[in-house]
2 protein chains.
Amino acid sequence: MKPTPQWVKDLKPSAPQGTELIKAERDSSKLSVDKLSNFLFTKEVLDRQATILKILEAEKVFDKSRNYFDGRQDRFVTALARAKRLRQLQVKHNWTQDEFYCANDLISEPGPYGLHATMYLTTLRGQGTPEQHKLFLEPAENYEAIGCYAQTELGHGSNVRGLETTATWNPEDKTFTLHSPHLTASKWWIGSLGRTANHAVIMAQLIIAGKPYGPHPFVCNIRDMKTHEPLEGIHVGDIGPKFGYNTMDNGFLLLNQVKIPHINMLAKYSRVDPETNKYVKPSSPSLIYGTLTWVRSTIVLDSGKVLARGVTIATRYASVRRQFQDRDAPSGTSGENQVLNYSMVQYRLLPLLAATFALHFTGKAMMSLYQENQKRMASAATDTTRGVGPEELQAGSDLIADLHATSCGLKALGSTIAGEGLEVCRRACGGHGYSSFGGIGAWYADYLPTMTWEGDNYMLTQQVARYLLKSARAVLKGNAPTNDTTKIFSTFLQKQDMGCAHDVLGSDSDLVAAFAWRTSYLTFEALKHRDLEKNSWNSLLVDFWRLSTAHSQYLVVKNFYDVLHSESLQYELDPATIDVLHKLFRLYALDTLEKEASEFYSSAAVTVRQIQLARTKSVMKLLEEIRPHALRLVDSWNFPDWQLDSSLGRKDGKVYEDLFYRASELNPLNGLTIDPYPNNDTLVKRDETAQFKAKL
Amino acid sequence: MKPTPQWVKDLKPSAPQGTELIKAERDSSKLSVDKLSNFLFTKEVLDRQATILKILEAEKVFDKSRNYFDGRQDRFVTALARAKRLRQLQVKHNWTQDEFYCANDLISEPGPYGLHATMYLTTLRGQGTPEQHKLFLEPAENYEAIGCYAQTELGHGSNVRGLETTATWNPEDKTFTLHSPHLTASKWWIGSLGRTANHAVIMAQLIIAGKPYGPHPFVCNIRDMKTHEPLEGIHVGDIGPKFGYNTMDNGFLLLNQVKIPHINMLAKYSRVDPETNKYVKPSSPSLIYGTLTWVRSTIVLDSGKVLARGVTIATRYASVRRQFQDRDAPSGTSGENQVLNYSMVQYRLLPLLAATFALHFTGKAMMSLYQENQKRMASAATDTTRGVGPEELQAGSDLIADLHATSCGLKALGSTIAGEGLEVCRRACGGHGYSSFGGIGAWYADYLPTMTWEGDNYMLTQQVARYLLKSARAVLKGNAPTNDTTKIFSTFLQKQDMGCAHDVLGSDSDLVAAFAWRTSYLTFEALKHRDLEKNSWNSLLVDFWRLSTAHSQYLVVKNFYDVLHSESLQYELDPATIDVLHKLFRLYALDTLEKEASEFYSSAAVTVRQIQLARTKSVMKLLEEIRPHALRLVDSWNFPDWQLDSSLGRKDGKVYEDLFYRASELNPLNGLTIDPYPNNDTLVKRDETAQFKAKL
């Protein structure tokens, strides 16, 4: 391998340099990046991130330079090494859960302990008895047992009740027999199961005396604790390569009449009484409900930051990249236009920039609502002496139903916006967006399953519609609880016959009200189709999906509006920054309104003329006004370069130097010298790839 | 490695079996698959495909079973082996160009000779003189020289005039000096350049006596013909991994004052006179124009088939996959519902199925228009004795302008529908769509660059808008040529003040007319903004993009309509099949109309009530009516299983068996036994991956 010639090393990008362009871009706005970062995350969280980043950067195993080059096997083994080291660091620095998550976030790759650290421990904690905690949770928390959560099967995903794996109670020896009766009963997609876990929580159909009682969780040892070989009656392995997520060993598992003791059924909620051989029902199913709601809420909260990563990369690159002269530039003008100056690029990127903030604020609001409710329920549960009245119980259960529906709809909307938005960002980077070094592609591919797991994004919309229909029926009957949903329905019913006059271009609260109106209109339309016209549920699925999307968009717009009118915002941010955030709110809302125009018309929430003006006047003007602040706005998301691992998204603008360096100096394929002639059988003349790999 | 236990081998999917379901599904329609296949492709082409498939299947090198497992380096070397063998087969069987393309299509992976076989040979043929053909083309056709086409640079893609590489004429020794003055001048993304080519056509700024003459093509030897090492002054290599397309060695190239002789400038159109040292202008630039139009037309034609591959896989899997009972099923009903029965799934898949046909017919129409025009131009060029009149020349040039604009708009629309549609198909497969074995992900990733190359899909829309504005100005002035575009504009202007009454739900021709009306409305709106209100070009880019999309959608709808009314269709197909095609036409048109509702309202092409009815009545009803024929419709695209390489898309419905087999028997990662404990430094306890790889 010849060294890179000196004349190559001497080359620079043509002027102006990326560093100059990006500096000029930063200087063009006075927006306070630090204040905005603090407002988004709090200073404490940002400091924590800086501390952890330093620790990770110092460890060679976390170095990312091989990531884009390695094949699946090497990536998996590296991910395992990282997972081990991360666990060691967690112990060494006595990291809290939040600190551990922060480290994972910076490393930004799914790892082999992923499902152990989340679902396995969580399930044991939440669904195990104290005795089971001692037996299963303690060794798991010490990583003496490594586990996973085995629910999905080859033939069943969303439909949990359709799971085929059975757990049959044997009264004679007080055991359960776990069994896979068909090939489709094979557990499938189970994270950390493929090569790593030696334990699994297995969701299986409980059968007592021939009668099925639905899916329940069973702990099962699947691999030998010493040799790590599968135990007798267990066929387990990795399910193969995927579109992304290849550092994780998603696995399959078949069980052939595997016996486990009575204690292995997680028994906090329901259990089998070993004396009577009878099933004992769960005491409080709503608490289980809670976990799913929490998982979905985190997806909503994450979606803003997930998308912000792509928007950061695309915005920085669009500040450095120049292409064509402005067509209307006076003749004699030289120099090309920054790509970020093109209105078509602004129209693709800036509404997504607005969405990052909208989703982040919405996620935060959801999390506090969730935590508030958890507290209330915990105090109601413990404070039994106080005597909780039926109204209080009802209010709690109404809130849970609302939270559940809200989390379903927002999970679907948030992850769809983030996933599809990342691909828009990638394409907005032109050809280089397609290079792995761009940094968006792999991130997008790893994120995509979020649209399918924890409830497929289309499936979930049925839950939202069911809740809205139920609320609407209650409003019509006059026995509805008082909450935001029933309030907007009541407003709609009152004004329905006089029409509405939403000044969407002039008033923020009218803009929010127009979204509420559309949700209400679509709800009562759907209700009519279902209850009066008696249409089949299946024939209404498209209406339900639209309804859920409309409702979730309303919630996002409303949450953004509420933050703008919050005291903390007024206190923490200066007027200039608040003004830009206000513009982002209007951009998000008006752009959504324009893209969903047809429902806003047909519900008569706005007029045709207003929609036309929304785009041609308001949105285009907002793009122009936000554009000078775009770079500082993405800076406020505070992604370290180490985390982004992107040539295009470099904070210093050295885009072309970085792309070239990675291709020319790091790319192992350049160690292969081939024989190009079709009649020669030789393929590789010389293989020096090892020299490149050694540099990585 | 333990053999798979017998109890695993004995397992079957739970009943009903995929084979039974897919057979029942096929039996539910009487549509003639063979007739429809013949109509789409001709019997000759289908027979050719069958013959070539047999040849390829017999060669071990084309076996696909490693494709989803191998890392980049192995995939590239395998692709090289395949490219060599394919070339040998081409010689052995004396394949025509079409046969060679057919083989490539079946192999379905970009290969290292890709840009040699297309762009290098085409450019030499089209832009070389007879002397240059002898010198460069002949050895290239014999694969004694392997070439590529080096246009794009690190800093410039779409803006060809901005290329930085220079070719300076040296009058003293009658040579050119090729040089990369900056890092951003590095050629980048050049297919087949990274490791394979020893020659390149380099697009460089011609400079004579200090004066630039714009980009021109130069042939340059870049690697030693024996050692394959880069020649003096050449720095060349592969640009690194990408989101897809990793079997191709896209490359970079820097030149340090490399001298080439005068003969190396391709001189069919423009050249440097070595005696006078003067630049000689191109004689007929419109012929060069022609190549780009041809490339874009093939992208349009391909887009239907590209998408059909995803729709085939998703439709077949949705016929086998069952999930949940129908909510309105009478109690006591057992068994789950086929996913294809859900209206939400139909709403996502069937409009894409309709689009495959719409795009295919549109592409075919474009190709014949292109060929007709080429013939006309060739006869005009050779038949100089006949004396071509100015009208005839003008008509030819009008047609070229129309073809150019049409190919730009349809390339953008077709590749966007296909690319985004593939991702919709992938997601419609639920979790398994994310598995590589699903077969959509890799195909999607390899296809994605089509949205960026040969003109970025957003950039291209400016060309369309420019052409439509020019045509509209001509119509207003009364000096427009007679063609379809000017006709629809004239109709619009005549009826503009009396309004229109398109019976879109009752009449097919009115449906087409509504699309024409919307294009015309948007054109005259844009014209007003540009010519009267003097808005900047940049501020109108979003309007232009919408205009181009609208116009291209009109063309697709119109072409589908024309095919339905063609004689060949009536002659070749039976009434039942024609009826289904007619429904697909209406589905494509009405679904598009509904999704773009806002422009159809604001242009007053239809009423709000019509749009509402389009979805709630017509589209939903069409989905129901087309659904029984969906499987046979995708069968008519005639993809061999060997080509699809998809567990989910298997023609026989053995989805779960195939997924399981690939994961359990073929997946090399299952040869790694790891140590799972964080405090043990050992990562891999035993590596038996070689045994898996040997099976592949």
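Each value in this text was obtained by applying a stated rule to the coordinates, not by laboratory testing. All values reported here derive from a predicted model rather than from experimental measurement. In this analysis, Cβ positions are derived from the backbone assuming ideal geometry, glycine residues included, and neighbour counts consider all displayed protein chains.
Key figures
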quantity: Within 10 Å of each Cβ in B:424-435, the average number of Cβ atoms from other chains; calculated: 5
quantity: Inter-copy spacing of A:A24 label points, which lie 7 Å from Cα along Cα→Cβ, given in nm from shortest upward; calculated: 6.8
quantity: Region B:507-643 - convex hull of the alpha-carbon atoms, volume per residue in Å³; calculated: 145
quantity: Alpha-carbon radius of gyration plus Dmax, which is the widest Cα pair, for region B:108-173 in Å; calculated: 14.6, 50
quantity: Cα-based radius of gyration of region A:144-268 once divided by 2.2 N^0.38 Å, which approximates compact folds; calculated: 1.01
quantity: Mean Kyte hydropathy of 0.5 or more with a Cα span along the axis of at least 20 Å, helices from DSSP in chain A; calculated: A:285-320
quantity: All-pairs Cα distance distribution in region A:390-488, expressed in whole percent, bin size 10 Å; calculated: 14, 32, 23, 16, 11, 4, 0
quantity: Over chain B, relative contact order from alpha-carbon pairs under 8 Å, at least 6 apart, %; calculated: 15
quantity: Solution diffusion estimate, µm²/s, Stokes-Einstein, region B:10-136, Kirkwood Rh from C-alpha pairs, 37 °C, viscosity 0.692 mPa s; calculated: 180
quantity: Chain A: radius of gyration over Cα atoms, expressed as a fraction of 2.2 N^0.38 Å; calculated: 1.06
quantity: For region B:206-259, radius of gyration divided by Kirkwood radius, i.e. Rg to Rh on alpha-carbons; calculated: 1.08
quantity: At 7 Å out from Cα toward Cβ: A:P282 inter-copy label distances (nm, ascending); calculated: 7.0
quantity: Relative contact order [Cα under 8 Å, 6+ residues apart], region A:458-556, whole percent; calculated: 38
quantity: Neighbouring partner chain Cβ atoms per residue of B:597-610, average, 10 Å criterion; calculated: 3
quantity: Copy-to-copy label separations for B:H93, where each label sits 7 Å from Cα toward Cβ, in nm and ascending; calculated: 6.0
quantity: When the protein assembly as shown is reduced to its Cα atoms, the Kirkwood hydrodynamic radius in Å; calculated: 33.6
quantity: For region B:590-654, Kirkwood radius (reciprocal of mean inverse C-alpha pair distance, Å); calculated: 14.5
quantity: Computed over region B:156-306: relative contact order in percent, which uses C-alpha pairs under 8 Å that are six or more apart; calculated: 23
quantity: Formal net charge of residues neighbouring A:H502 (Cβ-Cβ distance under 15 Å; K, R +1; D, E -1); calculated: -1
quantity: Whole-number D in µm²/s for region B:204-296 (Stokes-Einstein; Kirkwood sum over Cα pairs; 10 °C, 1.306 mPa s); calculated: 98
quantity: For A:S548, net neighbour charge (Lys/Arg +1, Asp/Glu -1) across residues whose Cβ lies under 12 Å away; calculated: +2
quantity: Shielding of A:174-185 by partner chains, average beta-carbon count, 10 Å; calculated: 3
quantity: Local electrostatic count at B:L135 - Lys and Arg +1, Asp and Glu -1, tallied over other residues with Cβ under 14 Å; calculated: -1
quantity: Calculated Rg and Dmax of region B:592-696 using C-alpha coordinates, Å; calculated: 25.8, 72
quantity: Kirkwood Rh in Å, taken over region B:169-229 so that all alpha-carbon pairs contribute; calculated: 13.2
quantity: Cα extents of region B:510-574 along the three principal axes, largest first (Å); calculated: 54, 19, 13
quantity: Taking N as its residue count, the alpha carbon Rg of region A:1-55 over 2.2 N^0.38 Å; calculated: 1.90
quantity: Above-threshold pairs, the threshold being 30 Å between Cα atoms, out of A:K528/B:K621; B:K651/B:K685; A:K375/A:K558; A:K54/A:K695; A:K187/A:K693; calculated: B:K651/B:K685; A:K187/A:K693
quantity: Largest-first principal axis extents, alpha carbons of region A:76-120, Å; calculated: 26, 21, 19
quantity: Total lysine pairs whose alpha carbons fall under 16 Å of each other in region A:193-292 (8 or more apart, or interchain); calculated: 4
quantity: Axis-nearest residue of A (beta carbon) for the A-onto-B rotation, whole Å; calculated: A:G71, 1
